[in-house]
Amino acid sequence: RGLLREGISVRDLRTILEAVADAAPRSKDAHFLVEQVRRRLARQITARVSEKGIVYALTLERAAEEALRGARGQNDGEPTLAPDIDTARRLITSLETRASALVAAGKSPVVLAPTDLRKPLFDFASRFVPDLSVISARELVPGTTIEPAGTISLNT
């Protein structure tokens, strides 16, 4: 369900099961297993978010990254973001503005986030920005060109 929720196809069941089998001895945590599967599905994820081998991605400003790390929490064992209301508003505004600019330019809204923030950021932001993809660099095929398309800042 974690893969499907983020729009990742589960057709390649063999790769998915192999990734789960390889990662399960280290941890049975569902979040951990989904992240390991996403790494194995790098070709599929790259194809989904790239245009001719180029990913036009929004990146997080360092101050925004640090603020989001400070707002991380846990809910039923799942990592979540729980920023204060002011930070949440500024994050949503910045995301909506940058994502709509990408969509207007005919590109998919993609955020390149650090591995530890990827899932909580997706869970938080997908409620406000439709069709948003949040990926980490580890989920891209080596050699994929990342073209910065904007910076998500909390200073909007």
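The figures follow:
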quantity: Translational D in µm²/s for the chain (Stokes-Einstein at 37 °C, 0.692 mPa s, Kirkwood Rh from C-alpha pairs); calculated: 204 µm²/s
quantity: Solvent-accessible area per residue for the chain (1.4 angstrom probe, square angstrom); calculated: 55 Å²
quantity: Extension gain, THR80 back to ARG43 (0.36 nm per residue minus Cα-Cα distance, nm); calculated: 10.6 nm
quantity: Gaussian network model of the chain, Cα within-10 Å springs - most flexible of ALA113, ALA42, ALA105; calculated: ALA105
quantity: Projected label distance in nm at ARG72 and SER100, using a 7 Å step from Cα toward the beta-carbon; calculated: 3.1 nm
quantity: Kyte-Doolittle at least -0.5, axis length at least 18 Å by Cα - qualifying DSSP helices, the chain; calculated: 85-104
quantity: Sequence of ARG1, ARG43 when ordered by accessible area, the most exposed leading, probe 1.4 angstrom; calculated: ARG1, ARG43
quantity: GNM result for the chain, Cα springs below 10 Å: residue of LEU13, LEU81, LEU41 fluctuating most strongly; calculated: LEU13
quantity: The chain, accessible surface, carbon-and-sulfur percent (1.4 angstrom probe); calculated: 52 percent
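The values are calculated or read from the model by the stated rules, or taken from the named source; none is laboratory data. Because the structure is predicted, anything quoted here is derived from the model rather than measured. Reconstructed Cβ throughout: ideal geometry from the backbone, glycine too, with neighbour counts over all protein chains shown. Remember, those area values only see protein heavy atoms, side chains included, never the ligands or the DNA or RNA. Shrake-Rupley method; radii C 1.70, N 1.55, O 1.52, S 1.80 Å.
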